[in-house]
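J.: Before I ask anything, let me first share the structure, which is written out below as structure tokens.
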Amino acid sequence: MSVIDLRSDTVTQPTAGMLDAMANAATGDDVYGEDPTVNRLEAELANQLGFAEALFVPTGTMSNLLGLMAHCDRGDEYIVGQQAHTYKYEGGGAAVLGSIQPQPLEVQADGSLDLTQVAAAIKPDDFHFARTRLLALENTMQGKVLPLEYLARARRFTRENGLALHLDGARLYNAAVKLGVDAREITQHFDSVSVCLSKGLGAPIGSVLCGSVELIAKAQRLRKMVGGGMRQAGILAAAGLYALDNNIQRLGDDHANAEKLAEGLRAAGYEVEPVQTNMVYVQMGDKAEAIKAFAATRGIKLSAAGRLRMVTHMDVSRAQIEQVVATFADFSHN
Ligand SMILES: *Cc1c(COP(=O)(O)O)cnc(C)c1O
């Protein structure tokens, strides 16, 4: 029985073509700046996304941490979504390691932060308060694509208020493919962007932080400090380059599969949130553990949550989506 893993798009296995690219990668010591494949990946992403420099790191958590710490000093503050990865899912790293205070705000229904609420959260220049330095957004946010018009407003707003603007673009390319625009249309509005290669793009490891020459120089120093200076990392960067060359446009297939899954589940009587990209949210209420256990008997891996998230990716086919729908239909008839 082949396993259908819908817990996340991080579970993909490297393909033969990707492994081949990794095996044949030219390498060098990247701490000395001498890995040609890492250098090529950094140059390609910086160029693609419209930044002066980029930095290859092992994880998106590290990429975001270095971004936040490069923008903010001790006693500074960043404004961030209550449900954002950079606030909720990174072990409090910005506070623990950077002494940066988070100011979380409730995320709006469309995945954005209300700029009026952000304005109200900016602290006056007064020694009682942390110094508000940065606004951090996430795109996609729980599968939702932030409107380009909103990003332009956030850019104007942060300029007017003397804040820097960071994007957790773990799934930047899902947003770009959904909008049918070049990723640069999104990233042009930001001072720094973190992109994950290990989500829907299908690489086993790796994220990249993009920014100005000054910002990336600071981030490079911090990367060494937190133990992220890797040596012959070209074998990993090769997977990232392969992913950029081969796996961006196909994200559209994941989006279509997610939509198909949502339609099938609705037809089977489930309450499903509108789908934009590769995430499907279904209300399971107190049936979360039961559906997880039932699906497991059919080789389907689910998380257990009342608001169940299912994520499509390159290792889930259309035929498997139909198996998942059938499984949910059988469950509801139990
Ligand atoms: C996965 C993810 C990250 C980074 O996660 P790592 O597992 O550390 O690579 C950052 N932001 C978002 C929104 C993510 O989904």
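J.: Can you compute the modelled spin-label distance between residue 160 and residue 322, with each label point 7 Å from Cα toward Cβ, in nm?
T.: It is 5.3 nm.
J.: Now for a different question. Any aspartates and glutamates with Cα under 12 Å of the residue 218 Cα? List them, leaving off those in the same chain fewer than 8 positions away.
T.: 53, 73
J.: Which residue, 20, 315, 125, tops the fluctuation ranking in a GNM of the chain built on C-alpha contacts under 10 Å?
T.: Maximum among the listed residues: 125.
J.: Among 236, 113, 97, which one shows the biggest mean-square fluctuation in a GNM of the chain, springs joining Cα atoms closer than 10 Å?
T.: Maximum among the listed residues: 97.
J.: Let me ask you something else. Give the order of 42, 34, 160, 259 when sorted by the count of other beta carbons within 10 angstrom, beginning with the fewest.
T.: 160, 34, 259, 42
J.: Taking Cα centroids, how far is the range 1-71 from the range 117-164 in Å?
T.: The two parts, judged by their Cα centres, are 27 Å apart.
J.: Counting other C-beta atoms within 10 Å, and keeping those with at most 11, which DSSP coil trypsin sites (Lys or Arg not before Pro) do you find in the range 53-133?
T.: Of the trypsin sites (Lys or Arg not before Pro), the ones in loops of the range 53-133 whose Cβ has at most 11 other Cβ atoms within 10 Å are 74.
J.: Let me ask something additional. For the chain, set up a GNM with springs between Cα atoms under 10 Å and report which of 227, 111, 240 has the largest fluctuation.
T.: Among 227, 111, 240, the largest GNM mean-square fluctuation belongs to 227.
J.: Which entries of 199/292; 88/260; 88/199; 144/287; 144/260; 144/178 have Cα-Cα distances beyond 20 Å here?
T.: In this structure, 199/292; 88/260; 144/287 exceed 20 Å between Cα atoms.
J.: If you count, for each residue, the other Cβ atoms within 10 Å and average over each peptide, how do 199-211, 294-306 line up from highest to lowest?
T.: Per-residue Cβ counts within 10 Å, averaged per peptide and sorted highest first, yield 199-211, 294-306.
J.: Between residue 179 and residue 293, what is the spin-label point distance in nm, taking each point 7 Å from the Cα along the Cα→C-beta axis?
T.: 4.5
J.: Another question, then. Output the antiparallel fraction of DSSP beta bridges having both residues in the chain, as a percent to the nearest 5.
T.: 45
J.: Given R₀ = 41 Å, FRET efficiency for residue 303-residue 127 by Cβ-Cβ distance, to 0.05?
T.: 0.40
J.: How big is the dipole moment of the range 250-333 about its Cα centre under a simple scheme where the beta carbon of each Lys and Arg is +1, that of each Asp and Glu is -1, and everything else is neutral? Debye, nearest 20, please.
T.: For this selection, approximately 140 debye.
None of the figures in this text is laboratory data; all of them are computed from the coordinates on show. Note that the structure is a prediction, hence the values are computed from the model and not measured. Virtual Cβ from ideal backbone geometry, glycine too; neighbours counted across all protein chains shown.
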